[in-house]
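Scroll down for the structure; my scribbles are underneath it.
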Amino acid sequence: LFARGTRFVHAAQTVEGLLDATGIEIALAGRSNVGKSTLINALTGQVALARVAQAPGRTRQLNFFQVGEGRLSIVDMPGYGYAEAPKAVKRDWQGLMFRYLRGRPNLRRVLLLMDARIEDKPADHAVMGILDKAAVAFQIVLTKSDKMKPEALARKLDTIKAIARKHPAALNDVIVTSSETGAGIAELRATIAALVA
Ligand code: GDP
């Protein structure tokens, strides 16, 4: 699926700016700095792919990447959780996210990225609440697992699985990844490929 290359297709700042979905969509969400761009690059095997769409001032938008011949789009959602973001910006972000999530029949799953080293934050729980409300299945993906010792990582995984169990839209499976070592990347690709097949 990913062997055919991935290209940046378009960006939407508003729900009105969305193009109709052609193939299946998988969206990636997470706090800013969680490692989302790096993971998209690792997943697609294309260095600096996500950075193209990440120019300053262009972060509050949904970026669409087409994988292969178009059976799959990867949707890069704007990073959330900026402590310093003005309330109006946060509200706009949540509005765009919710309206996108609600109106997208081809959206198969949201991958919710969480930094393995960082405690879950209210913003993460707010997003999980939005996903529950929108009834969009989501799967938690831990990033930067290379920064954790195995025992601490195992404890973290238990904590995250317990959180997932509280959310009706959450899948029980949590994928542990590192863009640094490549851990979990093949599993993530296989998971996505299974959704497209
Ligand atoms: P984004 O804001 O979510 O797109 O985050 P980035 O992809 O820009 O990554 C934020 C920072 O985390 C950068 O300094 C990355 O090099 C680093 N990073 C991303 N993924 C990993 C990882 O798997 N392991 C380690 N050690 N660092 C990572």
message = If I filter the stretch 154-168 for residues that are under 21 Å from residue 107 (Cα atoms), surrounded by fewer than 19 Cβ atoms within 10 Å (Cβ to Cβ) and touching a helix residue (DSSP H, G or I) at 6+ places or on another chain (Cβ under 8 Å), do I get at least one hit?
response = yes
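When you look at residue 104, is it away from the ligand (no atom under 16 Å from the Cβ), modelled with pLDDT under 95, within 23 Å of residue 15 (Cα to Cα) and part of a helix (DSSP H, G or I), yes or no?
The answer is no for residue 104.
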task = Please state which one of 126, 135, 162, 169 is in contact with a Leu (Cβ under 7 Å, 6 or more places away or on another chain) and more than 16 Å from the ligand (Cβ to nearest atom).
result = 169
task = For the stretch 188-196, indicate whether the set of residues that are within 14 Å of the ligand (Cβ to nearest atom) and touching a residue at least 60 places away in the same chain (Cβ under 8 Å) is non-empty.
result = yes
query = Of all residues in the stretch 147-178, which are under 16 Å from the mean Cα position of the chain (by Cα), part of a loop (DSSP other than H, G, I, E, B) and either at pLDDT below 95 or farther than 25 Å from residue 66 by Cα (or both)?
reply = 169, 173
ask   = Can you tell me which residues in the stretch 107-127 are farther than 26 Å from residue 22 by Cα, touching a helix residue (DSSP H, G or I) at 6+ places or on another chain (Cβ under 7 Å) and not in a loop (DSSP other than H, G, I, E, B)?
value = 114
inquiry  = Consider the stretch 8-61. How many of its residues are within 16 Å of the ligand (Cβ to nearest atom), assigned to a loop (DSSP other than H, G, I, E, B), at pLDDT below 90 and of a type in the set (Gly, Ala, Ser)?
reply    = 6
note = So, first residue within 14 Å of residue 16 (Cβ to Cβ) in the stretch 95-106, second residue surrounded by fewer than 16 Cβ atoms within 10 Å (Cβ to Cβ) and among the hydroxyl-bearing types (Ser, Thr, Tyr), Cβ within less than 8 Å, six or more apart or across chains; the pairs are 96/14
query = If you take the residues of the stretch 140-153 that are without any contact (Cβ under 8 Å) to a residue 60 or more places away in the chain, surrounded by 11 or more Cβ atoms within 10 Å (Cβ to Cβ) and not small (Gly, Ala, Ser), which of them is nearest to residue 32 (Cα to Cα)?
reply = 142
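The values are calculated or read from the model by the stated rules, or taken from the named source; none is laboratory data. Everything numeric here is computed off the predicted structure, so don't read it as measured data. Cβ sites come from the backbone with ideal geometry, for glycine too, and all protein chains shown count toward neighbours.
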